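Comments concern the structure below.
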Amino acid sequence: MIARLPGVWLGYDDSGRGVPLLLLHGFPHDRTIWTPVRSGLAGRARCIAPDLRGFGESTTHGPFSMDQYADDLAALLDRLQLPSAVVAGMSMGGYVAMALWRRHPSRVKALALCNTRADADDQAGRRRRDELVMLARREGARVVAERLLPGMVGRTTRERRPEVVQLLRAVMSRQPVAGMVGALEAMRDRPDSRDTLETISVPTLVLAGDEDVLTPVSEAERMVVALPPAVRAGLEVVGEAGHLPCLERPSATTHALANFVATLDSP
């Protein structure tokens, strides 16, 4: 489906019944990384998985920033006539989820911060973003995908689940270069969200993969400690998964999100 919103068109899937659950993908992905989880949650949540601006079937023009992605999602919730949703953000989607909390807190019923981090890029991280921008512009999405692929999945997935690696390669390789560049610059320039964690007043789950080398479990533990004690829903570590448990271990990820959603009030 395509939502034609002011200034942007967003591709999205909307399926299932129950508590609205907004599923945000990472970089450089699209909404299809959530497909196995959406299927598993169909009877327990209304799963809405959008393509962020610049990815999948969505508009490829800017502006690009975490705040803009958040505003796009608020407009999508308006179009769907949803006052609020549980927001689950994977990797870059976690940055967007935290921006949505800052800008539109009334739209956030609860948060699931998955394989993400709260601090901004350091100088080395900013340089890596700029290098990838140049690589994308010079050689295209497929080369960027090959550069990123080893860090996107865990050791177990690489060794035992080659079909997942192939699927992820295809997803990353088909993303528009304009969206990749916009997202890289948006991540490079995103604000530090450690103070944001301290303001969160809704139930919050932090999820991590035990083989994630990009945002290791130690990052997730730091986020949990930074959350106000009253809102902590805890830390869920998915075994034999790297940076994308929703693809690598969809059943375990579904179980974690289903249990979390079950603790919330009915919509």
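Do you know the relative contact order of the stretch 1-74, to the nearest whole percent, from alpha carbon pairs under 8 angstrom that are 6+ apart? Value for the stretch 1-74: 35 percent. Taking Cα pairs under 8 Å and at least six residues apart, what relative contact order does the chain come out at, in percent? RCO, the chain: 21 percent. Listing SER65, SER251 from fewest to most neighbouring C-beta atoms within 10 Å gives SER251, SER65. The charge dipole of the chain, taken about its Cα centre with unit charges on the Cβ atoms of Lys, Arg (+1), Asp and Glu (-1) only, comes to about 420 debye. Most simply put, the chain has about 25% antiparallel DSSP beta bridges, counting only bridges with both residues inside it. With unit charges on the beta carbon (Lys/Arg positive, Asp/Glu negative), name the residue among PRO229, LEU132, SER218 whose Cα is farthest towards the positive pole of the charge dipole of the stretch 132-267. Comparing the listed Cα positions along the dipole, LEU132 ranks first.
DSSP loop (so not H, G, I, E, B), at most 13 other Cβ within 10 Å: list which GluC sites (Glu not before Pro) in the stretch 225-267 pass both filters.
In loop regions of the stretch 225-267 (DSSP not H, G, I, E or B), there are no sparsely surrounded GluC sites (Glu not before Pro).
The charge dipole of the stretch 59-185, taken about the Cα centre with unit charges on the Cβ atoms of Lys, Arg (+1) and Asp, Glu (-1), comes to about 340 debye, rounded to the nearest 20. Going by neighbour counts of Cβ atoms within 10 Å, the residues ILE48, ILE200 line up, fewest first, as ILE200, ILE48.
Among the DSSP helices (H) of the chain, those spanning at least 15 angstrom by Cα along their long axis with an average Kyte-Doolittle hydropathy of 0.0 or more are 92-103, 141-152, 162-173, 177-188, 250-262; this is a geometric and hydropathy rule only. Comparing PRO176, PRO150, LEU207 along the charge dipole axis of the stretch 119-227, the residue lying farthest to the positive side is PRO176, per the Cβ-charge model. If you take all other residues with their beta carbon under 12 Å from the beta carbon of ASP67, and give Lys and Arg +1 and Asp and Glu -1, the sum is +1. The stretch 104-125 and the stretch 37-53 have Cα centres spaced 19 Å apart. For the stretch 10-102, the set of trypsin sites (Lys or Arg not before Pro) satisfying both a DSSP loop assignment and a count of at most 13 other C-beta atoms within 10 Å is given as ARG17.
Values in this text are rule-based calculations from the coordinates and carry no lab data. What you see is a predicted model; the values in this text were computed from it and never measured. We place every Cβ from the backbone using ideal geometry, glycine too, and count neighbours over all the protein chains shown.
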